[in-house]
Amino acid sequence: MLNPTQLKPVLTSQECIELEDVYGTNHYKPLDVVIDRGDGVWVYDVEGNKYLDCLSAYSAVSQGHCHPRIMHAMQEQLHRVTLVSRAFYTDQLGLFLKELCELTGYEKALPMNSGAEAVETAVKAARKWGYEVKDVPANQAEIITCQGNFAGRTLTMISFSTEEKYRENFGPFTPGFVTVPYGDADALEEAITDNTVAFLVEPIQGEGGVVMPPEGYLKRAAEICREHNVLFIADEIQTGLGRTGYLLACEHEGVKPDMVTLGKALSGGFYPISAVLSGSSVLGRFEPGDHGSTFGGNPLAAAVGRASLDVIVDEDLPGRSAELGAYFKGRLERIESSDIKEVRGRGLFIGMEMYSDARPYCEALRERGILCKETHGSVIRFAPPLVITKEEIDWAMEQIEEVLMAAQAD
């Protein structure tokens, strides 16, 4: 079998970009770099140039690119069986669900593929619980969400988005959602009615710009939900599985949500895997025919998921994120640039908000071998794989500091 590093790219970077522009659709705005392979925190373009990945595929490759343990698990399962749908049992899924539940402390897990599917599943589960347990009148269930949220781009997900760009010309929208300001516990309590079945919140709003809620907000929101018999649902698809320094970001405030959505790092970047975690009183209400997915919970996904969880635990990725994230954030905070508005985040999940457009900074960093991406115009997101070393952070900081200071001089 050929070593991937020995495979010669067929096309140049420019040719690859032109092909996507001609035959693809214009719904992304990528940086002009064409990745050919990855290893740990490093990726390489088709010309062989090396870059430090500070995006981690939006936290999906927290374990690093092509982690050998996860790769081995995937290769082993590829030679056995990859898909039978859920019409039959497999030898991998039960073990995956057991290990996931034991690691996170939940009774049940429902596997899906994408993060958006996980949130969609959580919405369905909350509504079903509301009708069957809370006795909400039929078709009147309400779920409270927050301004600035991001859960994906399916029609239901954009139905509760407050980003107009995500909604324009895609209506009509799914009803049943109420929006409150992020970080405002009083507004949450005021919005609750007899028909409220759940509150859906990101512990840190990643796509929104690495937006942090006030200290104590999650804890108070969970208490309000408990007082009003409302499910507290944490969307931990980006923040979960070690990204912020704890296994789940809600642990920073000692909160155990009634339901959690996970994705991205659940597969180490090898395969689309997501899951919803909750108790039997919520997920146990699903009956045959209520929900499903051809690929959700397939044996390949389960084998990959098991290996991904093992790496997170065995390599103490949450602990690494806590230690190195504090170091990375501290270095960023010491940069003396009048264009820096704020540095915020937890663990290796950091946003640097600029007074100006962030895109030129990302393009300049690319030229120096650092790949990161702007979000919401003015925020640079730094979220490298959790396997990054202090020495690699030091090298990255040299590039970041020089780019910011050069802009300051201009």
- request: Provide the net charge surrounding Met354, with neighbours chosen by a C-beta distance below 11 Å and charges set as Lys +1, Arg +1, Asp -1, Glu -1.
  value: -3
query: Between Ala301, Ala87, Ala151, which gets the highest mean-square fluctuation from a Gaussian network model of the chain, Cα cutoff 10 Å?
result: Ala87
- request: For segment 305-392, run through the trypsin sites (Lys or Arg not before Pro) and keep only the ones in DSSP coil with at most 10 other Cβ atoms within 10 Å of their Cβ.
  value: Arg334
field: Cα-Cα over 28 Å, subset of Lys29/Lys219; Lys219/Lys329; Lys29/Lys108; Lys128/Lys264; Lys329/Lys373; Lys29/Lys98
entry: Lys29/Lys219; Lys29/Lys108; Lys29/Lys98
Relative contact order of segment 94-188, defined on C-alpha pairs under 8 angstrom at six or more residues apart (%): 23 percent
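What net charge is computed for the residues neighbouring Gln75, neighbours being all others with C-beta under 15 Å from the C-beta of Gln75, Lys and Arg scored +1, Asp and Glu -1?
Every neighbour counted, the sum reads +2.
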statement: Calculated from DSSP helices alone, with each H run of at least 4 adding -39500 (n - 2.57) and the total divided by the residues of the chain, [θ]222 nm to the nearest 500 comes to -11000 deg cm²/dmol
task: Note the angle between two axes, namely the Cα long axis of helix 299-314 and the longest principal axis of the Cα atoms of the chain, as a number of degrees from 0 to 90, rounded to the nearest 10.
output: 70 degrees
statement: For the chain, the longest principal axis of the Cα atoms and the Cα long axis of helix 390-409 enclose an angle in degrees, to the nearest 10, of 70 degrees
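What is the sum of charges, Lys and Arg at +1 and Asp and Glu at -1, for the other residues whose Cβ falls under 11 Å from the Cβ of His291?
In short, 0.
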query: What ranking do Trp395, Trp129 get, fewest neighbouring Cβ atoms within 10 angstrom at the top?
result: Trp395, Trp129
- prompt: Under the definition of Cα pairs under 8 Å and six or more residues apart, what whole-number percent is the relative contact order of the chain?
  reply: 22 percent
field: Per DSSP, loop GluC sites (Glu not before Pro) in segment 305-365 with at most 12 further Cβ within 10 Å
entry: Glu336
field: Where GluC sites (Glu not before Pro) fall in DSSP loop in segment 148-239, at most 14 other Cβ within 10 Å
entry: Glu168, Glu215
statement: In whole percents, the bins of 10 Å from zero upward hold the Cα-Cα pairs of segment 68-314 as 8, 32, 36, 19, 5, 0
task: Using the 4.7 Å Cβ rule, please list in number order the cysteines from the chain without any candidate partner.
output: Cys16, Cys66, Cys101, Cys146, Cys225, Cys250, Cys362
task: Tell me which residues come under 5 Å, amide H to amide H, from Leu55 once H is placed; ignore anything under 5 positions away on its chain.
output: Ala383
field: For segment 22-63 and segment 117-160, distance of Cα centres in Å
entry: 33 Å
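Computed from the coordinates by the stated procedures, all read-outs in this text should not be read as laboratory data. Source: prediction; values computed, not measured. Methodologically, a virtual Cβ is constructed for each residue, glycine included, from the backbone with ideal geometry; neighbour enumeration extends over all protein chains shown.
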